[in-house]
Amino acid sequence: MQFTQTNNFNFELDKLREAIQDEYEVVATKPGQGFHFHTGRPLAYILGYEDAWLDNIPEQSIASFAGTGNPFSLGRIYPGEHVLDIGSGAGMDSMIAAHMVGPEGSIIGIDMTSAMLAKARSAAAEANIENVEFREGYAEALPVADDSIDVIISNGVLNLMPDKLSALQEMARVLKPNGRLQIGDILVQKEVPDSAKGKIDLWTG
Amino acid sequence: MVVVEVGFVDFEITWRADVFSGAPQESSAASFGTLGINFRARKARSEAEWYDEMNKFNCAIPQ
């Protein structure tokens, strides 16, 4: 999938996406390697995930979890709701949400990294979770219908997008009126100089 | 502010914490004071609700 786009930084968007995909392909395929962020079950505990949420989630999915927050701490997700997980990775949050919404609800997970999509689909099949679908796509151009989603969750993904305005506009497009955002992300407390914003390795590490 | 501009209301950061310290590899995040956060917001029910939210950001100059 090619999606060339200009931005205010000194790199092509495709180059940044390739670097992010390379990084998260390793998180998918070699989750025990050790990264500049925590991963897996230890990270889930740092972020306040409850043991019960992780029950029935395949270990292959938990091992590649790399979030920065806890979307489920922000409000309840109700049975029957339709949830979108942006940057669904190996599918852990999507499958937690799938249990919360039950058989009348549904989850769409979106990710741009093929290795993560493969792992998420494999894990959902292993756990016999049928109300979740993983789609390839970008947050700035969501492959999701207008006004169709009750809750958007995302975890550690928005910070990786140079065009956050487009991503937020897409979230507003697909949410139903009164729909909720429940997002884990990062906050940078010190101003990042323009020279640093143009360095791809700082976006990924 | 940008979250509100695109149609959301009730934006709130509910939690922040250093989620990078102790990671296996050193992160460039530390030098920028990077924290993990949780935030929530809600898509406005109507244009009227959204306009009300936008008006909260208007800075009226006292006469």
Legend entry - Where B:G36 falls short, out of the listed (1) touching a residue at least 24 places away in the same chain (Cβ under 8 Å); (2) at the interface with chain A (Cβ under 7 Å from one of its Cβ atoms); (3) closer than 21 Å to A:Y49 by Cβ: (1)
Inset, instruction - Would you mind stating whether A:A98 is part of a helix (DSSP H, G or I) and farther than 22 Å from A:D185 by Cα? - result: no
Legend entry - For A:P143: the one exception among (1) at pLDDT below 95; (2) more than 28 Å from A:E50 (Cβ to Cβ): (1)
Inset, instruction - Would you mind finding the one in A:I108, A:I149, A:I183 that is at the interface with another protein chain (Cβ under 10 Å from one of its Cβ atoms), under 12 Å from A:L84 (Cβ atoms) and in contact with a Leu (Cβ under 6 Å, 6 or more places away or on another chain)? - result: A:I149
Legend entry - Neighbours by Cβ (under 9 Å, 6+ apart or cross-chain): first from segment B:41-58, more than 14 Å from chain A (Cβ to nearest Cβ) and more than 23 Å from A:I183 (Cα to Cα); second at pLDDT 95 or above and part of a strand (DSSP E or B): B:D52/B:V9
Inset, instruction - Could you check, for segment A:120-127, whether at least one of its residues is within 10 Å of chain B (Cβ to nearest Cβ) and either among the basic types (K, R) or without any contact (Cβ under 8 Å) to a residue 60 or more places away in the chain (or both)? - result: no
Legend entry - Total residues in segment B:1-56, condition more than 22 Å from A:R41 (Cβ to Cβ) and in contact with a helix residue (DSSP H, G or I) (Cβ under 7 Å, 6 or more places away or on another chain): 16
Legend entry - Filtered residues of segment A:10-25 (kept if at pLDDT 60 or above and more than 20 Å from the chain's Cα centre (by Cα)): A:F11, A:E12
Inset, instruction - Would you check which residues across segment B:18-34 are of a type outside the set (A, V, I, L, M), in a helix (DSSP H, G or I) and closer than 16 Å to A:G156 by Cβ and list them? - result: B:S28, B:F32
Legend entry - Given (1) facing chain B (nearest Cβ under 9 Å); (2) at pLDDT 95 or above, index of the condition A:A167 fails: (1)
Legend entry - Residue list for segment A:21-47, filter: within 26 Å of B:W15 (Cα to Cα) and either in contact with a strand residue (DSSP E or B) (Cβ under 8 Å, 6 or more places away or on another chain) or part of a helix (DSSP H, G or I) (or both): A:Y24, A:V27, A:G40, A:R41, A:P42, A:L43, A:A44, A:Y45, A:I46, A:L47
Inset, instruction - Test B:M1 against the stated conditions and say whether it is of a type outside the set (D, E) and at pLDDT below 85. - result: yes
Inset, instruction - Write out, first by first residue and then by second, each pair whose Cβ atoms fall under 7 Å of each other, whose residues are 6+ apart or on separate chains, and whose first residue, in segment A:86-100, is surrounded by fewer than 24 Cβ atoms within 10 Å (Cβ to Cβ) while the second is modelled with pLDDT of 95 or more. - result: A:M100/A:I77
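The values are calculated or read from the model by the stated rules, or taken from the named source; none is laboratory data. What you see is a predicted model; the values in this text were computed from it and never measured. FYI the Cβ positions are ideal-geometry reconstructions off the backbone, even for glycines, and counts take in every protein chain you see.
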